[in-house]
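Report on the structure given below.
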Amino acid sequence: MHHFQFRNGELYAEEVPVRKIARRVGTPFYLYSAATLKRHFQVFDQAFASIPHLVCYSVKANSNLAVLRLLAKEGAGADIVSGGELYRALKAGIPPQKIVFSGVGKTAREMREALRAGILMFNVESLGEMKLLSRVAKRLGTKAPIAIRVNPDVDPKTHPYISTGLKKNKFGLDVETALEAYRLAQEDPHLEIVGVDCHIGSQLTQISPFVEALRRIKDFIRRLEKENIRVRYLDLGGGLGIVYGDEAPPPPKEYASALIKELGDLEITLVLEPGRVLVGNAGILVTKVLYYKETPTKKFLIVDAGMNDLLRPAFYQAYHEIVPVIQKERPEEVVDVVGPICETGDFLAQERRLPLPKPGELLAVMSAGAYGFVMSSNYNSRPRPPEVLVHGDEFYVVRKRENYARLIAGERIPDFLR
Ligand code: LLP
């Protein structure tokens, strides 16, 4: 459930007409609903209320400080994958003891920063990383809390670019190598084993791959126990899917019940790293129609948001529903909704049946709260759009639109060209 609804033929975000915000901030812009974010977090968190658990929001999905602060106030921890995300999470007030650090390419500097901050655990993805982490901890005179990311070799049945728990993916360690890594860590005075980690992919619409992964991790924990290696945390990653079009992902309650059942009597704190399911449907991208153009074979609606603003359609052929902000009677047409970028792949929708809007009208690209702004770029020297947060009948620009000066900030013409 989200708070972007039509009232008398006009799209509202909570109590605010989207058209009003567009008038104030211009287009394109990202728009988030505080009520939706809060609700999504609470529903997810409460689904696990019967067991010890920690919800570490996956910052990569939407890392705006205001979004992070809102979730922090609800009790969220953070799943981070870089020093930059650590910086954001701490700035937003997420307690370090609720932060887990994932990712295959952590640098020594990032490790130092996270150790100094006192995070909950590093989800270690290779033997090389584990060695470096131990050295960095030693130099700081401390012990690094670790979980090892196990690749359970489970097919998440999602888009190949966002499946991560298959043997052929770059993530984690296979079970046997992971076991070896735990033995090494056990002997290392600068590492403290605290957990086991896994994450099998994103936008999963079935429960069974999660349950299968959990079953394999449970077996793995039993093997560790036989070697007197104990863990307190089982981090199952994120990945629960959302509705973009006609998917039917399980609601958080069902997902949680299946996991809780599979956990059985295992005494452990379950860590979850949801991203998309918390923020995806809490955000939209609002864009303006610039032109309508017909070629001998196709019809194009050219809008002022492009693949640099929302990459998902171009990158994954992802489906995002597109609706006119003001509903009117008009003929339907099958069109490609395309942006201003000089790439054939620059589209928000292909072959989409839409009530044909006129130039100047506003369109809402739905379900754009996750992996939207965070994957935007300045390609074609386009300033990135602002992010706006609605709260009841108020709205706040939580990231301002970039300007031209910002585009070239940091660039220098060297002396020999003067
Ligand atoms: N934990 C780890 C270790 C991850 O790699 C990810 C996502 C998550 C948690 C959160 O997954 P979620 O709950 O959001 O599915 N850009 C792609 C998605 C990439 C996901 C990367 N990892 C997209 O736009 O669909």
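The values are calculated or read from the model by the stated rules, or taken from the named source; none is laboratory data. Note that this is a predicted model, so its numbers are computed, not measured. Positions of Cβ are backbone-derived with ideal geometry, glycine not excepted, and every protein chain shown enters the neighbour counts. These accessible areas exclude ligands, DNA and RNA; they are computed on the full protein's heavy atoms, side chains included. Shrake-Rupley method; radii C 1.70, N 1.55, O 1.52, S 1.80 Å.
Filtered by the rule that a residue be of a type in the set (D, E, K, R), without any contact (Cβ under 8 Å) to a residue 40 or more places away in the chain, farther than 14 Å from I21 by Cα and open to solvent by 40 Å² or more (accessible area, probe 1.4 Å), the stretch 361-418 gives R406, E411, R412, D415, R418. Among the conditions (1) among the polar types (S, T, N, Q); (2) more than 21 Å from the chain's Cα centre (by Cα); (3) part of a loop (DSSP other than H, G, I, E, B), N169 misses just one, which is (2).
When residues in the stretch 227-255 are screened for being within 16 Å of the ligand (Cβ to nearest atom), touching a strand residue (DSSP E or B) at 6+ places or on another chain (Cβ under 9 Å) and hydrophobic (A, V, I, L, M, F, W, C), 3 of them pass. Within the stretch 317-330, the residues that satisfy the criterion of being open to solvent by 90 Å² or more (accessible area, probe 1.4 Å) and more than 16 Å from the ligand (Cβ to nearest atom) are Q327, K328, E329.
Residues checked against (1) closer than 19 Å to D304 by Cβ; (2) touching a strand residue (DSSP E or B) at 6+ places or on another chain (Cβ under 9 Å):
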site	(1), (2)
P324	yes, yes
F347	yes, yes
N403	yes, no
E411	no, no
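The sole residue among R116, R39, R109, R23 that is open to solvent by 10 Å² or more (accessible area, probe 1.4 Å) and either under 19 Å from the mean Cα position of the chain (by Cα) or within 16 Å of the ligand (Cβ to nearest atom) (or both) is R39.
Per-residue answers, yes or no, for (1) among the β-branched types (V, I, T); (2) in the same structural domain as V231 (by TED's automatic domain parsing):
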residue: Y244; (1), (2): no, yes
residue: P251; (1), (2): no, yes
residue: K261; (1), (2): no, yes
residue: L285; (1), (2): no, no
residue: I302; (1), (2): yes, no
residue: D309; (1), (2): no, no
residue: Q327; (1), (2): no, no
residue: E333; (1), (2): no, no
residue: C342; (1), (2): no, no
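Taken together, A22, A35, A66 contain a single residue that is aliphatic (A, V, I, L, M) and out of contact with any strand residue (DSSP E or B) (no Cβ under 6 Å at 6 or more places or on another chain), which is A35. When L263, L285 are checked against the criterion of being touching a Pro at 6+ places or on another chain (Cβ under 8 Å) and more than 11 Å from the ligand (Cβ to nearest atom), L285 stands alone in meeting it. Residue count for the stretch 60-81 satisfying the condition of being surrounded by fewer than 20 Cβ atoms within 10 Å (Cβ to Cβ) and within 13 Å of the ligand (Cβ to nearest atom): 1. Residues in the stretch 46-56 include at least one that is surrounded by 18 or more Cβ atoms within 10 Å (Cβ to Cβ) and part of a helix (DSSP H, G or I). Among what's in the stretch 177-206 and is within 14 Å of the ligand (Cβ to nearest atom) and part of a loop (DSSP other than H, G, I, E, B), pick the residue that is most open to solvent (accessible area, probe 1.4 Å). If we take residues in the stretch 177-206 being within 14 Å of the ligand (Cβ to nearest atom) and part of a loop (DSSP other than H, G, I, E, B), then Q206 is most open to solvent (accessible area, probe 1.4 Å). Among the residues of the stretch 120-129, is any among the polar types (S, T, N, Q) and either within 26 Å of the chain's Cα centre (by Cα) or within 13 Å of the ligand (Cβ to nearest atom) (or both)? Scanning the stretch 120-129, I find at least one residue that is among the polar types (S, T, N, Q) and either within 26 Å of the chain's Cα centre (by Cα) or within 13 Å of the ligand (Cβ to nearest atom) (or both), so the answer is yes. Taking the stated definitions as given, is T295 hydroxyl-bearing (S, T, Y), farther than 24 Å from R382 by Cα and out of contact with any helix residue (DSSP H, G or I) (no Cβ under 6 Å at 6 or more places or on another chain)? Judged against the criteria, T295 is a match. In the stretch 151-166, the qualifying residues are those that are buried (at least 17 other Cβ atoms within 10 Å of the Cβ) and in a loop (DSSP other than H, G, I, E, B), and the one that is nearest to the ligand (Cβ to nearest atom) is T164.
Rundown of residues vs (1) of a type in the set (A, V, I, L, M); (2) within 13 Å of the ligand (Cβ to nearest atom), yes/no style:
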position	(1), (2)
A47	yes, no
S58	no, yes
K98	no, no
S102	no, yes
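Among strands (runs of 3 or more DSSP E) entirely within the stretch 340-418, having at least 2 residues that are within 16 Å of the ligand (Cβ to nearest atom), within 24 Å of A61 (Cβ to Cβ) and at pLDDT 95 or above singles out 347-355.
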